[in-house]
Amino acid sequence: MVAGQTKPTIVLVHGAFADSSGFDAIIRRLLAGGYPVIAAPNPLRGVATDAAAVKALLDSIEGPVVLVGHSYGGAVISAAAVGSEHVRALVYVAAFVPDTGEAVGELVARFPGSTVNESLKAVPLPDGQVDLYIDPAVYHLRFAADVPASDAAVYAIAQRPAAAAAFGEPTSGPQAWNTIPAYNLVSGADLIIPPAAQEFMAKRAGATVQRVEGASHLVFVSHPDTTVAFIEQAVEETVR
């Protein structure tokens, strides 16, 4: 980034079974560094619907943006940033980076090691849809193993469900990582998105990759300094 230039807005997009409160430590560090920050509400209803909501938010921001997505949020930012003149970098944090026509459920099943399907609790809704949660009894072990148990218990209670249909919805159209620089922070002990899957998607996207050994799916909670430094690397290399 050129000295004296206004810092880009960092837009954070949470994934499934979480909400923006998980970004607390990241937000505090970014604000201390002088960055404008927005934590985007992710509806978690389906990739196309969720991407449209995030795109509307992006269209309201003036100046450069670095877009950060965790987990399922990676699929959302890949679609939301298509055609954007403001998004300079896509930062994927333990995230899905689908290609056209792929669903996140397909990607997680392509490599061994995920415990997500056996960890889910379903809540049928009156309209015939189904919401999915991570069972709080296994949330710490499988979703946030390197986070203190007391904190993981709070995240398990505060988690927002995702529509079951979202995981089987194929992406459509071009994906933003084809034209916008990608950065992938890989969580090395992830039991939700296997590290091998994360590395496959990152390589395919031509991304700059950093692996955090021993990190759970909530790598940005357990390693906030590393995560912020990685976001700042994306800023330095793409915002000019």
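The values are calculated or read from the model by the stated rules, or taken from the named source; none is laboratory data. From a predicted model like this one, the values you see are computed outputs, not experimental measurements. Glycine also receives a Cβ, built like all others from the backbone with ideal geometry; neighbour counts cover every protein chain displayed. Surface accessibility is based on the protein's heavy atoms, side chains included, excluding ligands, DNA and RNA. Shrake-Rupley method; radii C 1.70, N 1.55, O 1.52, S 1.80 Å.
Summary of values
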item	result
Local electrostatic count, residue 131, Cβ distance below 12 Å [Lys/Arg +1, Asp/Glu -1]	+2
Nearest 10 degrees, 0 to 90: helix 149-158 Cα axis against the chain principal axis	90 degrees
Share antiparallel - DSSP beta bridges, the stretch 8-117, percent rounded to 5	0 percent
Lys, Arg +1 and Asp, Glu -1 on Cβ, resulting dipole of the stretch 52-141 about Cα centre, debye, nearest 20	180 debye
Test item: Cα-centred dipole of the chain, Lys/Arg +1 and Asp/Glu -1 on Cβ, debye	240 debye
Shape box of the stretch 91-240 [Cα atoms, principal axes, largest first, Å]	48, 38, 28
Top of 52, 205, 137 by mean-square fluctuation, Gaussian network on the chain, Cα under 10 Å	137
Cα-derived Rg over Rh, computed across the stretch 121-162 with Rh taken as Kirkwood radius	1.08
Fraction of accessible area attributable to carbon and sulfur, the stretch 156-240 (%, probe 1.4 Å)	55 percent
Per residue accessible area in Å² of the stretch 16-75, where ligands, DNA and RNA are left out and the probe is 1.4 Å	36 Å²
Cβ-based net charge around residue 44, under 12 Å, with every Lys or Arg adding one and every Asp or Glu removing one	-2
If the convex hull is drawn through the Cα atoms of the stretch 35-173, its volume per residue in Å³	131 Å³
The chain: calculated mean residue ellipticity at 222 nm from DSSP helix runs of at least 4, using -39500 (n - 2.57)	-10500 deg cm²/dmol
Mean Cβ count within 10 Å, highest first, over the residues of peptides 90-101, 123-134	90-101, 123-134
